[in-house]
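Working notes, structure below.
The values are calculated or read from the model by the stated rules, or taken from the named source; none is laboratory data. Quick caveat, the model's predicted, so the values are computed rather than measured. Don't worry about glycine lacking a Cβ; one is built from the backbone with ideal geometry, like all the others, and counts go over all protein chains shown. Keep in mind that these areas ignore ligands, DNA and RNA; they rest on the heavy atoms of the full protein, side chains included. Shrake-Rupley method; radii C 1.70, N 1.55, O 1.52, S 1.80 Å.
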Amino acid sequence: MHTDAAIIGVGQSAYTRRPEPGQSTATFIRDAVVAALADAAIDARDIDGMAVASFSLAPDAGVDLAWKLGLSLRWLIQDTNGGSSAMNMLGHAVRAVESGAAAAILVIGGDATGLGGYAKVAANFNTVTQLHLAPLGHGGPNGVYALVTSRQMKKYGLEKSDYGQLAIAQRAWAAHNPYAVYREAMTMADYLAAPMVADPLSRYDCVPVVAGAQAIVVTHPDRCPRGRAPVRMRAHRASFNYDNQEGDGLQTGISTFAAELWQAAGVQPSDVDVASIYDDYPTMVLAQANDLGLIEGNDLARFARRDIGERRFPLNTWGGMLSAGQPADRRGASTAYRRRCCSCSTAPARGR
């Protein structure tokens with residue numbers, strides 16, 4: 001069943017590993033918003049709602065950003081939940097349009113922390129990280145996800161090269177994305193020879209932090225520019241803290257609602273032709289794909305080697321964050337498409 005709200009415009013700023021003087025969170029967001037409004041063929045004066053997520057917007061808040069963008073709003077949210085922010089904001093925006101709380105909403109995510117700034121964010125992500133991980137010199141999330149990856153390898157019989165299949169495939173897709181920060185072809189030899197970061201994670205298993213921003217316009221589908229089809233959402237579900245941080249990290253909140261999601265969407269995992277899945281680390285792509293039911297028989301190794309390695313299943317066709325880059329912690333999503341889209345969201349572990 002379709003909703004009465006749709007995405008009619010998208011915009012993105014340039015992505016860069018190292019911001020230049022004069023580039024800031026505000027300038028990257030500005031560029032993304034201007035592009036999204038142009039793509040939607042809508043005037044800024046018609047925007048009456050805004051959702052924003054950013055680690056580096058402070059000391060400004062969402063209301064300050066709205067003022068700088070020249071927006072007068074009647075609906076406003078600011079999401080600070082990291083990787084789940086994008087899908088969370090999208091869900092709120094869709095419901096706001098459906099309920100009449102706003103007619104046209106900008107959903108924005110952007111950051112320009114710089115590599116040093118991101119290190120501070122990682123060390124102070126929450127009180128658990130501050131008090132129990134940072135004092136150990138854990139070096140950010142890489143060490144935590146190295147433990148999850150090791151556990152996943154042991155449980156499902158995965159090899160290091162299985163994760164390389166995903167990194168290599170996404171790099172090939174990134175070659176077609178002019179915004180991706182890494183577009184050069186990658187071979188399995190390149191992947192396996194990469195410097196170790198936190199065993200078993202090497203360089204190409206870890207998402208590169210970039211400065212940049214993205215924006216979308218959510219409104220009634222009838223406002224979509226002529227000659228284009230609006231992106232309608234068939235279903236949306238979310239889960240936060242589903243296991244109270246007591247699980248083994250090999251499942252995500254998606255596992256709690258996958259069956260309900262597919263039923264609401266009116267399709268099944270076998271109907272999916274292409275998917276976009278949150279990819280801060282390859283291990284989390286496989287975990288979410290498995291929770292969604294996209295991996296037959298829970299055979300993660302076969303999925304990586306055959307479906308991804310042989311390009312039978314298009315996954316993260318924009319290159320994913322592993323090649324395109326991740327503005328701090330702001331591009332969180334798991335979405336599966338079959339002409340129309342079915343979306344779901346789950347919050348990554350925070351300080352597990």
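Identify the residue in the stretch 67-85 that is over 11 Å from residue 52 (Cβ atoms) and modelled with pLDDT under 95 and, among all such residues, is most open to solvent (accessible area, probe 1.4 Å).
Within the stretch 67-85, the match that is most open to solvent (accessible area, probe 1.4 Å) is 81.
Does residue 139 fit the bill of being out of contact with any His (no Cβ under 8 Å at 6 or more places or on another chain), farther than 25 Å from residue 12 by Cβ, modelled with pLDDT under 95 and assigned to a loop (DSSP other than H, G, I, E, B)?
Judged against the criteria, residue 139 is a match.
Looking at (1) open to solvent by 20 Å² or more (accessible area, probe 1.4 Å); (2) over 19 Å from the mean Cα position of the chain (by Cα), which one does residue 121 not meet, given that it meets all the others?
Here residue 121 clears every test but (2).
Condition first: crowded, with 17+ Cβ neighbours inside 10 Å, out of contact with any strand residue (DSSP E or B) (no Cβ under 9 Å at 6 or more places or on another chain) and of a type in the set (D, E, K, R). Now tell me which residues in the stretch 234-254 satisfy that.
Matches in the stretch 234-254: none.
Considering each of 169, 211, 146 in turn, give the residue that is open to solvent by less than 10 Å² (accessible area, probe 1.4 Å), out of contact with any Pro (no Cβ under 7 Å at 6 or more places or on another chain) and not in a loop (DSSP other than H, G, I, E, B).
169
Can you say whether residue 162 is crowded, with 20+ Cβ neighbours inside 10 Å, in contact with a strand residue (DSSP E or B) (Cβ under 7 Å, 6 or more places away or on another chain) and either within 23 Å of residue 212 (Cα to Cα) or of a type in the set (D, E, K, R) (or both), as far as the supplied structure shows?
Answer is no for this residue.
Among the residues that make up the stretch 282-297, is at least one of them of a type outside the set (Asp, Glu) and surrounded by fewer than 20 Cβ atoms within 10 Å (Cβ to Cβ)?
Yes, the stretch 282-297 contains a residue that is of a type outside the set (Asp, Glu) and surrounded by fewer than 20 Cβ atoms within 10 Å (Cβ to Cβ).
Just for the stretch 172-183: of the residues that are outside any helix (DSSP H, G or I) and of a type in the set (Gly, Ala, Ser), which one is surrounded by the fewest Cβ atoms within 10 Å (Cβ to Cβ)?
175
Out of 259, 264, 289, 275, which single residue is part of a helix (DSSP H, G or I), under 28 Å from residue 201 (Cα atoms) and not acidic (Asp, Glu)?
289 is the lone residue from the list that is part of a helix (DSSP H, G or I), under 28 Å from residue 201 (Cα atoms) and not acidic (Asp, Glu).
So, in the stretch 196-208, of the ones that are of a type in the set (A, V, I, L, M) and part of a strand (DSSP E or B), which residue ends up most open to solvent (accessible area, probe 1.4 Å)?
Across the stretch 196-208, the extreme among qualifying residues is 196.
Take residue 193 and tell me if it is at negative phi, among the hydrophobic types (A, V, I, L, M, F, W, C) and open to solvent by 50 Å² or more (accessible area, probe 1.4 Å).
yes
What is the residue count in the stretch 70-90 for residues that are within 19 Å of residue 112 (Cβ to Cβ) and in contact with a helix residue (DSSP H, G or I) (Cβ under 6 Å, 6 or more places away or on another chain)?
Here the count works out to 2.
Give the number of residues within the stretch 312-349 that are open to solvent by 40 Å² or more (accessible area, probe 1.4 Å), on the phi > 0 side of the Ramachandran plot and modelled with pLDDT of 95 or more.
Looking only at that region, the number is 0.
Within the stretch 220-256, restricting attention to residues that are in a loop (DSSP other than H, G, I, E, B) and touching a Lys or Arg at 6+ places or on another chain (Cβ under 7 Å), which residue is nearest to residue 100 (Cα to Cα)?
245
What is the residue count in the stretch 8-45 for residues that are surrounded by fewer than 23 Cβ atoms within 10 Å (Cβ to Cβ) and under 17 Å from residue 221 (Cα atoms)?
The total comes to 7.
Starting from the stretch 130-152, keep only residues that are within 19 Å of residue 322 (Cβ to Cβ), then list their pairs with residues that are of a type in the set (Gly, Ala, Ser) whose Cβ atoms are within a distance under 6 Å, requiring at least 6 positions of separation or different chains.
The qualifying pairs are 140/122; 142/198; 143/198; 146/198; 148/249.
If residue 227 satisfies every condition in (1) of a type outside the set (Ser, Thr, Tyr); (2) more than 19 Å from the chain's Cα centre (by Cα); (3) modelled with pLDDT of 95 or more; (4) open to solvent by 10 Å² or more (accessible area, probe 1.4 Å) but one, which is the exception?
(3)
Go through 106, 37, 57, 90 for me and flag whichever is aliphatic (A, V, I, L, M) and without any contact (Cβ under 8 Å) to a residue 60 or more places away in the chain.
None of the others qualify; the one that does is 57.
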